[in-house]
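**Q** What follows is a single structure, and I will ask about it in a moment.
The values are calculated or read from the model by the stated rules, or taken from the named source; none is laboratory data. Every value quoted in this text rests on a predicted model; they were computed, and no experiment measured them. Here the Cβ positions follow ideal geometry from the backbone for every residue, glycine too, while neighbour counts run over all protein chains shown. What goes into the accessible areas is simple: the full protein's heavy atoms, side chains included, and nothing from ligands, DNA or RNA. Shrake-Rupley method; radii C 1.70, N 1.55, O 1.52, S 1.80 Å.
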Amino acid sequence: QLQLVESGGGLVQPGGSLRLSCAASGFTLDSYTIGWFRQAPGKEREGVSCIGSSGSSIYYQDSVKGRFTISRDNAKNTVYLQMNSLKPEDTAVYYCAAASQRIPSALFKICVFESTYKTWGQGTQVTVSS
């Protein structure tokens with residue numbers, strides 16, 4: 001069975017940092033596009049960042065550009081989301097998801113569409129508060 005497990009969430013003060021991990025089991029991530037999504041209380045789930053199978057194609061939501069960095073280590077079968085300069089509005093449950101469908105680099109912004117993804121993790125809570 002194909003599974004993704006998120007980890008690294010927690011409570012952090014505004015301006016702090018967290019590093020989220022998305023670890024895969026049952027399949028190899030090197031041929032998958034990986035997306036990070038988040039859902040705050042009372043709000044719709046939104047795309048945060050995506051990375052293509054090779055790591056060359058990357059997307060960031062405007063609100064996290066310059067603060068978050070997505071990366072992958074295919075040898076470890078893991079994708080990371082480094083989150084710096086965290087703000088209270090970043091508070092949410094963060095999910096990772098895997099898509100086997102190839103997304104052309106010229107159209108990579110469509111990686112934020114949830115229908116692309118077939119495998120989802122259970123989420124990890126990120127709380128930014130003083």
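**Q** Any idea what the dipole of the chain comes to, in debye rounded to 20, about its Cα centre with Lys/Arg Cβ at +1 and Asp/Glu Cβ at -1? Working shown, then result.
**A** Working: 12 positive and 9 negative charges, 26 e Å.
Taking the Cα centre of the chain as origin, the dipole is about 120 debye.
**Q** Cα atoms only, segment 25-96: Rg and Dmax in Å?
**A** Rg, Dmax (Cα atoms, Å): 12.6, 37.
**Q** By a straight-distance test (C-alpha under 17 Å), which lysines pair with K109 as possible cross-link partners, with residues fewer than eight away in the same chain excluded?
**A** Filter leaves K65.
**Q** How large, in Å, is the chain by the Kirkwood hydrodynamic radius built from its alpha-carbon pairs?
**A** For the chain, the Kirkwood estimate is 14.5 Å.
**Q** Putting +1 on Lys and Arg Cβ atoms and -1 on Asp and Glu Cβ atoms, find which of S63, Q3, C22 reaches farthest to the positive end of the dipole of segment 1-111.
**A** Highest projection toward the positive end goes to S63.
**Q** Excluding the sites themselves, what is the longest stretch of the chain that contains no trypsin sites (Lys or Arg not before Pro) in a DSSP loop with at most 13 other C-beta atoms within 10 Å?
**A** Numbers: sites that count: K43, K65, R102, K118.
So the longest stretch without any such site is 1-42.
**Q** Modelling each spin label as a point 7 Å along the Cα-to-Cβ direction, I'd like the N77/E44 distance in nm, to one decimal.
**A** 3.5
**Q** Could you tell me the ratio Rg/Rh of segment 56-107? Both radii from Cα atoms, Rh via Kirkwood. List each step's numbers first, then the result.
**A** Numbers: Rg = 12.8 Å, Rh = 13.1 Å.
Value, to two decimals: 0.98.
**Q** So what is the accessible area of segment 47-130 per residue, in Å², with the probe set to 1.4 Å? Working shown, then result.
**A** Details: 4160 Å² over 84 residues.
Here the per-residue accessible area is 50 Å².
**Q** What is the percent carbon and sulfur in the accessible area of the chain, measuring with a 1.4 Å probe over the protein chains and ignoring ligands?
**A** Details: 3150 of 6630 Å².
Looking at the chain in its full context, I get 47 percent from C and S.
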